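First comes the structure, then the notes that go with it.
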Amino acid sequence: MIKEELFMKNRMNYLIVTLCFIVLSGVINAILFNVALEDMTKDLSVTSSAISWIVISYTLVITFGSITYSKLSSYIQIKKLLMIGVFLFTLGSVIGYLSNGYIGVLIGRIIQAMGGSSFIALSMITANQYLPLAKRNVTLTLIGGCLSLGSGFGFLMGGILTHIWGWPSLFLFMSLTLLTVFGLYYFVPSGYAGNEKVTKPFDFSGLFYLLLFVISFILGVKLNGYLLILSVLSILLLGLHSKKQGVLLFIDFSVFRSYSFNKLILISFINNAAMVAILFLFPLQAIRTFHVSVILIGLILCSISIVGFLISLLVRKAVYFISNKKLMVISIGVQLIGFGILIFLGLHSMVMITLGVLFIYISFSALTVIINIEIPHTIEKEKMSMGIGVYNLFNFLGMSFGPSISSRLLEISSNINFSFSFFAGLLILSFVLSIVKQKSTG
């Protein structure tokens, strides 16, 4: 009996390590290539506009893919989907590494995204469905911490590998993710989201409307604001389509009936937008104002991300003494202080700008952990995969919104403080949301 309990405990621990590793791989891969874009532009003999599609296409696919995998997990076993995701991710890495031309590299990144978009969403579904409460909270904490850790390591590794072996080595490095297949095969339980295979027809119309929304929103923010009209239209079409009977809706609007769920996904959207914007704006300001090298910026971000990861572990302990709501308010407050330092003191000292980014990283890690733990409690059990899919969709939309709106703001004003002030304004909204209580319905 004791041996059996020990075996199960070890099995769960190996499962947690495997899930964290694939999440970390996905985050590192998303950041890794941003450092190498300038070198890729020269080597592939293309324009900056053309090379930006390597980032845009990756963002589009990974944003849409996250909720698609969540939906597919009701039809195909989660283990199989994760393994398919890893194989696609590795295939994309190999294609990108072997390609000498722009089209091959673009295809490689798209296939990487097709696989990588499964990592976070399915890892969260697996943790919520198969792990007991204590282990589940540990896993969700570590997943939140990996988001912070991966962003710092991605920037550093991207700079080092590109400098020593060139940008093709980034694809080769990410192909190591294939090793997680063994962990997925042996430690992820076989089963479907909700523990039961769905027999209703797949909602292809809902998939099309959501794809239309994701493409028009991301390209609308980044390239042409008029495309946002199409985003509004696609939401209306999704709303009308949600009344359809006889299919498992791709987006079930009933998950939005929970005030707490809506509040958390909006706060998470702002949290992710502000964080990824910093990964775009901080190097820009450090290079412009203080003439710092990319490698040093990578070392700073890596060191800060490690601190953020350690803070996320402390947050899990803190929930036993302080309520999640209070921790959320404190975290957003710290993030606002970080942006305040960047706005008022960032131009005067590299130390102060680093301190501001440290505060933002710490609060991002803490807030991600808090929301990861809290979000499952706002979703009905039978709609868990749908709710987590929507939550991750908003997270990825936030990640794409942050740097995209930052570049648009820089076109309006070259003063980076203008962009910092915009995100400080969003965080004030987030702060207000975190302290407002739900109105009593009784």
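If you go through region 319-349 one residue at a time, how many are of a type in the set (S, T, N, Q) and in a helix (DSSP H, G or I)?
3
From LEU98, LEU122, LEU176, which residue is touching a Phe, Trp or Tyr at 6+ places or on another chain (Cβ under 8 Å) and either touching a residue at least 12 places away in the same chain (Cβ under 8 Å) or not polar (S, T, N, Q) (or both)?
LEU122
Quick check on LEU172: is it buried (at least 23 other Cβ atoms within 10 Å of the Cβ) and in a helix (DSSP H, G or I)?
no
Table: residues versus (1) among the hydrophobic types (A, V, I, L, M, F, W, C); (2) under 20 Å from ILE218 (Cα atoms); (3) outside any helix (DSSP H, G or I); (4) touching a strand residue (DSSP E or B) at 6+ places or on another chain (Cβ under 7 Å).
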position	(1), (2), (3), (4)
CYS20	yes, no, no, no
ASN34	no, yes, no, no
THR41	no, no, no, no
VAL61	yes, yes, no, no
LEU81	yes, no, no, no
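Output the number of residues of region 101-128 satisfying the condition of being under 20 Å from TYR75 (Cβ atoms) and among the aromatic types (Phe, Trp, Tyr).
The total comes to 1.
SER312: modelled with pLDDT under 95, closer than 16 Å to ILE375 by Cβ, of a type in the set (Gly, Ala, Ser) and under 21 Å from the mean Cα position of the chain (by Cα), yes or no?
yes
Could you tell me which of the residues SER414, SER400, SER385 is at pLDDT below 90, among the hydroxyl-bearing types (Ser, Thr, Tyr) and closer than 23 Å to LEU24 by Cα?
SER385
Among the residues of region 236-269, which ones are under 20 Å from the mean Cα position of the chain (by Cα) and over 30 Å from ILE343 (Cβ atoms)?
Hits for region 236-269 are ILE251, PHE261.
Among what's in region 10-57 and is under 18 Å from the mean Cα position of the chain (by Cα) and without any contact (Cβ under 8 Å) to a residue 60 or more places away in the chain, pick the residue that is farthest from ILE125 (Cα to Cα).
Of everything passing the filter in region 10-57, ILE54 is farthest from ILE125 (Cα to Cα).
In region 266-299, which residue that is of a type in the set (Ser, Thr, Tyr) and at pLDDT below 90 is farthest from VAL55 (Cα to Cα)?
By that ranking, first place goes to THR289.
Looking only at region 200-229, which residues are in contact with a strand residue (DSSP E or B) (Cβ under 9 Å, 6 or more places away or on another chain) and assigned to a loop (DSSP other than H, G, I, E, B)?
Selection gives LYS200, PRO201, ASP203.
Checking LYS79 against (1) more than 17 Å from MET124 (Cβ to Cβ); (2) at pLDDT 90 or above: exactly one of these is not met. Which one?
The failed condition is (1).
I'd like to know if region 241-248 contains one or more residues that are at pLDDT 90 or above and either assigned to a helix (DSSP H, G or I) or of a type in the set (Lys, Arg) (or both).
Within region 241-248, not a single residue is at pLDDT 90 or above and either assigned to a helix (DSSP H, G or I) or of a type in the set (Lys, Arg) (or both).
Please work out if LYS263 is surrounded by fewer than 21 Cβ atoms within 10 Å (Cβ to Cβ), modelled with pLDDT of 90 or more and more than 16 Å from VAL357 (Cα to Cα).
yes
In region 87-137, which residues are within 30 Å of ASN10 (Cβ to Cβ), among the aliphatic types (A, V, I, L, M) and surrounded by 21 or more Cβ atoms within 10 Å (Cβ to Cβ)?
Across region 87-137, the qualifying residues are ILE120, ALA121, LEU122, MET124, ILE125, ALA127.
Residue-wise test of (1) surrounded by 16 or more Cβ atoms within 10 Å (Cβ to Cβ); (2) of a type in the set (Phe, Trp, Tyr); (3) over 24 Å from the mean Cα position of the chain (by Cα); (4) not in a helix (DSSP H, G or I).
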| site | (1), (2), (3), (4) |
| --- | --- |
| ASN271 | yes, no, no, no |
| LEU279 | yes, no, no, no |
| PHE282 | yes, yes, no, no |
| ALA286 | yes, no, yes, no |
| THR289 | no, no, yes, no |
| VAL292 | yes, no, yes, yes |
| LYS317 | no, no, no, no |
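So which residues in region 359-403 are among the polar types (S, T, N, Q) and out of contact with any Gly (no Cβ under 7 Å at 6 or more places or on another chain), if there are any at all?
Within region 359-403, THR378, ASN392, ASN395, SER400 meet the criteria.
The values are calculated or read from the model by the stated rules, or taken from the named source; none is laboratory data. In this text, all values refer to a predicted model and were calculated from it rather than measured experimentally. Note that each Cβ is placed from the backbone with ideal geometry, even for glycine, and that neighbours are counted across all protein chains shown.
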